[in-house]
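These notes are about the structure you will find just below.
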Amino acid sequence: MAFQKAVKGTALIGGGAIATVFGLSQFSQYRNKHGALVQVQAAEVVPVKNHLPTREQQILALQTNSEFDVVVIGGGATGCGCALDAATRGLKTALLERYDFSSGTSSRSTKLIHGGVRYLQKAIMRLDFEQYRMVKEALEERAHLLQSAPHLSAPLPIMLPIYKWWQLPYYWIGIKLYDLVAGSQCLKSSYVLTKSRALELFPMLRKDKLVGAIVYYDGQHNDARMNLAIALTAARYGAATANYAEVQRLLKTTDPASGKLRVCGVRCRDVLSGKEFDVRAKCVINATGPFTDSVRKMDDEEVPNICQPSAGVHIVMPGYYSPDNMGLLDPATSDGRVIFFLPWEKMTIAGTTDSPTDVTSHPIPTEEDINFILSEVRNYLGADVEVRRGDVLAAWSGIRPLVTDPNSKDTQSISRNHVVTISDSGLVTIAGGKWTTYRAMARDTIDAAIQEHNLKAGSSKTMGLQLEGAQNWSPTLYIRLVQDYGLESEVAQHLASTYGDKAFEVAKIAQVTGKRWPIVGKRLVSEFPYIEAEVVYGVKEYARTAVDIISRRTRLAFLNVQAAEEALPRIVDIMGKELNWSEQKKKEELETARKFLYYEMGYKVKTDQLTDRSEISLVPSDIESGKCMAQLCTLTLSGAVTGLGVSKLLVIIKMSKLNNKKLNINNKYAPCLGLPRAGGNAAVPVSQLMSAIQKGHVSGSRLAVLMKSAEENLRRRAAIPVDRSGGGV
């Protein structure tokens, strides 16, 4: 009864606010009509290249073209979006990325395509029309992204649990306003759940004091693959796109009319070959995200910084921490931040944090941020769900490029919207914004470039434009892959949702397994649906390092760093054959990829947490079983230990008189502890390792599983009857 009264009361309380936002929504409805018109125009654009040019062909195009209309610096979502927008308008376009496409912030997001519920809250509370306009635009772009790449994105219901009665009408009004602002592009209408229904849909939720829940819808996507799809689509429309092409400086020439220096291109270096060359263009666009100011200073060393970088850390945990198709939002954490807890790629992703940081190409997640996220997750999960540090399978940090608008009177205030600026020399810079609005950001940037440099081109044609793999995709496409090629159903679904209609090209090059079933498709690691053919196809998609494969062509490094480390040798072998690597090059790639996993994907903090922060809390029986640790490591590495072997070994070791104080585990035994071989402390005391296993800090490691299984087998083992041992005495 009280629940019904609260819901009814909400309609009265929120009537005025809803009417206000409805008026604002009507005011901007013309943009939807404009989008529909442009969508028809986009459908008429035909890619000029049916076959994707090789990277070598792209580099040659950069070297031989006398002058491009537009050169875009930066291969993130915004940079690739600018290249696609320019190319579809008929402009001769080049795209240069220092590392790999989506190697920076664009691959390290929360994986959401959203308008921003919290921004709408601020817009209403502060009567801020700019915030409202940003949310409105983001919701329009959300609909576009879901339509342009349906194989890479999908609507996701997100639950907002309510633990106080007064919060129910407050949050209900806010979420309904969110639906209202979306208008005709609302994915699905939000709704209220009773306590029992909320627990039915999200059984891991904390039960005590739960009043009910509100469910709303946003979008979710595979961010790195989406970024790559934009880059590949731009290439098919004729853009000369090249990764590992570093801009070293800007080229300038004197304008005969004004006598001023104007940017006329860039000096570029092919990182892979070391060759340098000039790429000349009428317009140069700076779309480098966190590195915005470094490129601006190439143009003018005295220009003030506008980028205020902020680090956001995410962690990945096993899929059993969340339902398969329901996310969770914590709208007010202990320090006022927002935490999302979402299913993604059959795992669970949690984040993000928000803290000032320095700009770096290789951001590293910190133990403090990881523990903060775990602490917030514990607040919302039931007491029967033990949130363990050892269940963190991967962790990463991304740098959000927040900006101050140099054209604003208040240059100290951070703009949540994107900012397009043009320097005196003609350098066009696009900064700020968010993943969801990449297309609108690109549109505004190219519009400004056309106006500033008098380029001959029409309006943007990217609204409704389908990205790589979307044209002939359908939700049942994976069935054809199973029937036509003999792929496992899980692998077929993965290929269809990753490559869209290009999945058939991957299936065609998949190797025969030699088994009755599946017929083709050898997995890189047993627990994930990634297959060896994806490595070969990844090279065609411009992958040039092992890190490109494990982190962006596949998402293995973002899902489980141990699994990625195990797959590395095979990945390097396959790439070596495709790219003609020497044995020395293979070793270098293997070492570089392991360092990437160690520093950037959470291996290092796991090592530090295990060796430096594990309190020793052992009972005598723990110490006794700990005596066998060194021998277990040695046998595990040699391949001689199985679950049964460990059990036998424990029996033998418990009868020995080893000195536990002198036992240490050298770093070379790291793999059997779930730790990387590279870096870290030289030795780990056995007592600390046993304590860490006891507390779940290394719960995912092979050794921890073997130890636990062996101990349980020992406890269950009964005395062997005399009649079964040959009679005895």
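Hey, any hits in segment 119-128 for a residue that's at pLDDT 95 or above and in a helix (DSSP H, G or I)? No, because not a single residue in segment 119-128 is at pLDDT 95 or above and in a helix (DSSP H, G or I).
Which of the residues that make up segment 482-495 are under 20 Å from residue 525 (Cβ atoms) and assigned to a helix (DSSP H, G or I)? Within segment 482-495, 489, 490, 491, 492, 493, 494, 495 meet the criteria.
Take the conditions (1) at pLDDT below 95; (2) in contact with a Phe, Trp or Tyr (Cβ under 8 Å, 6 or more places away or on another chain); residue 173 misses just one of them, which is (2). Taking segment 194-214 as the range and being of a type in the set (A, V, I, L, M) and touching a helix residue (DSSP H, G or I) at 6+ places or on another chain (Cβ under 7 Å) as the test, the residues that pass are 204, 205, 210, 211, 213, 214. Put simply, of 390, 382, 336 the only residue that is at positive phi and modelled with pLDDT under 95 is 336. Please go through segment 497-543 and give me each residue that is of a type in the set (Asp, Glu), within 20 Å of residue 569 (Cβ to Cβ) and modelled with pLDDT of 95 or more, ordered by number. Within segment 497-543, 532, 534 qualify.
Scanning segment 171-205 for residues that are farther than 21 Å from residue 142 by Cα, of a type outside the set (Lys, Arg) and surrounded by 15 or more Cβ atoms within 10 Å (Cβ to Cβ) gives 171, 172, 173, 192, 193, 198, 199, 201, 202, 204, 205. Please enumerate the residues belonging to segment 190-239 that are farther than 30 Å from residue 442 by Cα, in contact with a strand residue (DSSP E or B) (Cβ under 8 Å, 6 or more places away or on another chain) and among the polar types (S, T, N, Q). Correct list: 190, 194. Of all the criteria given as (1) at pLDDT below 95; (2) farther than 25 Å from residue 345 by Cβ; (3) in contact with a helix residue (DSSP H, G or I) (Cβ under 6 Å, 6 or more places away or on another chain), the one not satisfied by residue 95 is (1).
When the test is whether a residue is assigned to a strand (DSSP E or B), aromatic (Phe, Trp, Tyr) and touching a Ser or Thr at 6+ places or on another chain (Cβ under 9 Å), residue 277 does not pass it. Quick test for you: out of 355, 375, pick the one residue that is touching a Ser or Thr at 6+ places or on another chain (Cβ under 8 Å), over 18 Å from residue 399 (Cβ atoms) and either in contact (Cβ under 8 Å) with a residue 40 or more places away in the chain or not assigned by the TED database to the domain that holds residue 490 (or both). After ruling out the rest, the residue left standing is 375.
Check segment 206-213 and report whether any residue there is assigned to a strand (DSSP E or B), under 25 Å from residue 419 (Cα atoms) and open to solvent by less than 10 Å² (accessible area, probe 1.4 Å). The answer is no; no qualifying residue exists.
State all residues of segment 256-306 that are in contact with an Asp or Glu (Cβ under 7 Å, 6 or more places away or on another chain) and among the β-branched types (Val, Ile, Thr); if no residue qualifies, say none. Selection gives 263, 271, 306. Regarding segment 269-278, can at least one residue be identified that is under 20 Å from residue 542 (Cα atoms) and either in the same structural domain as residue 345 (by the TED database) or under 25 Å from the mean Cα position of the chain (by Cα) (or both)? Checked segment 269-278: at least one residue is under 20 Å from residue 542 (Cα atoms) and either in the same structural domain as residue 345 (by the TED database) or under 25 Å from the mean Cα position of the chain (by Cα) (or both).
Considering only segment 188-195, I want to know if a residue exists there that is more than 30 Å from residue 115 (Cα to Cα) and either in a strand (DSSP E or B) or in contact with a His (Cβ under 8 Å, 6 or more places away or on another chain) (or both). No, there is no match, as no residue in segment 188-195 is more than 30 Å from residue 115 (Cα to Cα) and either in a strand (DSSP E or B) or in contact with a His (Cβ under 8 Å, 6 or more places away or on another chain) (or both).
Per-residue answers, yes or no, for (1) buried (at least 23 other Cβ atoms within 10 Å of the Cβ); (2) free of Cβ contacts under 8 Å to residues at least 60 places away in the same chain:
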{"site": "217", "(1), (2)": "no, no"}
{"site": "226", "(1), (2)": "yes, no"}
{"site": "235", "(1), (2)": "yes, no"}
{"site": "241", "(1), (2)": "yes, no"}
{"site": "256", "(1), (2)": "no, yes"}
{"site": "269", "(1), (2)": "no, yes"}
{"site": "280", "(1), (2)": "no, no"}
{"site": "284", "(1), (2)": "yes, no"}
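Scan segment 358-378 and tell me whether some residue there is outside any helix (DSSP H, G or I), touching a Gly at 6+ places or on another chain (Cβ under 8 Å), open to solvent by 40 Å² or more (accessible area, probe 1.4 Å) and closer than 28 Å to residue 319 by Cβ. No: zero hits.
Of the residues making up segment 82-102, those that are hydroxyl-bearing (Ser, Thr, Tyr), closer than 17 Å to residue 55 by Cα and either without any contact (Cβ under 8 Å) to a residue 60 or more places away in the chain or outside any strand (DSSP E or B) (or both) are 99, 102. Here residue 290 meets each of (1) more than 27 Å from residue 106 (Cβ to Cβ); (2) surrounded by 23 or more Cβ atoms within 10 Å (Cβ to Cβ) with one exception, condition (1). Residues satisfying the criterion are absent from segment 189-210 (criterion: within 25 Å of the chain's Cα centre (by Cα) and among the polar types (S, T, N, Q)).
The values are calculated or read from the model by the stated rules, or taken from the named source; none is laboratory data. Model, not experiment: these values are computed from the prediction. Ideal geometry is used to build each Cβ from the backbone, glycine not excepted, and the neighbour counts take in all protein chains shown. Each accessible area value is taken on the protein alone, full model and side chains, heavy atoms only, with ligands, DNA and RNA left out. Shrake-Rupley method; radii C 1.70, N 1.55, O 1.52, S 1.80 Å.
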